[in-house]
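Each remark here refers to the structure printed beneath this line.
The values are calculated or read from the model by the stated rules, or taken from the named source; none is laboratory data. Just so you know, these numbers come straight off a predicted model, no measurement behind them. Positions of Cβ are backbone-derived with ideal geometry, glycine not excepted, and every protein chain shown enters the neighbour counts. Protein only, heavy atoms only, side chains kept; ligands, DNA and RNA dropped before computing areas. Shrake-Rupley method; radii C 1.70, N 1.55, O 1.52, S 1.80 Å.
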Amino acid sequence: MIAALLFVAAFIADPVGTPAESAPVSAPARPSPIADADIREFAAIAGRKVVGRAVGGPYANADKVLLLARDDKGYPVVATSIGFPVRQSLPAPPSTTLAVIRIHQRYETTIPGPTPDDLAFVAANKLPLFVIGEWARPAPMWEVAWVDDAVRYRIIGEVGEIGPWQD
């Protein structure tokens, strides 16, 4: 339990680094507010692989959070994976982060989709966020991004089909 808390503290406090056991990552010149196609595809595969797995640590109902970056060869990697308290806003990620995946155990909105905290994270950081729901199979997925000076989201289908941007 103490180790999990220290890990979360390191995630919040460390603006540029990643844990030693993570893959080496290269810092982007400037992250894109909309995810590149390879990052989107990687998020769909890596994120949905984590759906249904237990979250270890001090939180009984934690969301799973994966930070995506590129390795030294330019390929997408999961730089960090942590459990994060439900209904809590995510802090700003390290500078090497290109996108974030947040996996919700249950939906908190009237219509399943990104929560107000998810939308606020994208507005504050101008960084793509992929929201995946564990409450259904196949797990629904949305891409939330800063598009045309506003936060918008779209659904990403099970086989990669992409819906239109919505407000």
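Observations on the structure shown:
- Of all residues in the range 120-136 being open to solvent by 60 Å² or more (accessible area, probe 1.4 Å) and free of Cβ contacts under 8 Å to residues at least 40 places away in the same chain, the one that is farthest from Pro31 (Cα to Cα): Trp135
- Residue satisfying condition, being closer than 16 Å to Pro33 by Cβ and in contact (Cβ under 8 Å) with a residue 12 or more places away in the chain, within set Asp167, Asp149: Asp167
- Pairing residues of the range 83-98 that are over 15 Å from Ala120 (Cβ atoms) with residues that are polar (S, T, N, Q) and open to solvent by less than 20 Å² (accessible area, probe 1.4 Å), at Cβ distances under 8 Å and at least 6 apart in sequence or on separate chains, gives Pro94/Thr80.
- Residues located in the range 117-147, provided they are out of contact with any strand residue (DSSP E or B) (no Cβ under 7 Å at 6 or more places or on another chain) and either among the hydroxyl-bearing types (Ser, Thr, Tyr) or at pLDDT 90 or above (or both): Asp117, Ala120, Ala124, Asn125, Trp146, Val147
- Every listed requirement among (1) assigned to a loop (DSSP other than H, G, I, E, B); (2) open to solvent by 60 Å² or more (accessible area, probe 1.4 Å) is met by Ile45 save one, (1).
- Residues of the range 141-158 satisfying the condition of being surrounded by 17 or more Cβ atoms within 10 Å (Cβ to Cβ), of a type outside the set (Val, Ile, Thr) and more than 15 Å from the chain's Cα centre (by Cα): Arg152
- Residues (open to solvent by 10 Å² or more (accessible area, probe 1.4 Å), out of contact with any Leu (no Cβ under 9 Å at 6 or more places or on another chain), in a loop (DSSP other than H, G, I, E, B) and not hydroxyl-bearing (Ser, Thr, Tyr)) located in the range 105-116: Gln105, Arg106, Glu108, Ile111, Pro112
- Count of residues meeting criterion [exposed (fewer than 12 other Cβ atoms within 10 Å of the Cβ), at pLDDT below 90 and on the phi > 0 side of the Ramachandran plot] in the range 48-97: 2
Yes/no per residue for (1) touching a Gly at 6+ places or on another chain (Cβ under 8 Å); (2) part of a strand (DSSP E or B):
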residue	(1), (2)
Leu67	no, yes
Gln88	no, no
Ala92	no, no
Ile103	yes, yes
Asp118	no, no
Ala123	no, no
Ala136	no, no
Tyr153	yes, yes
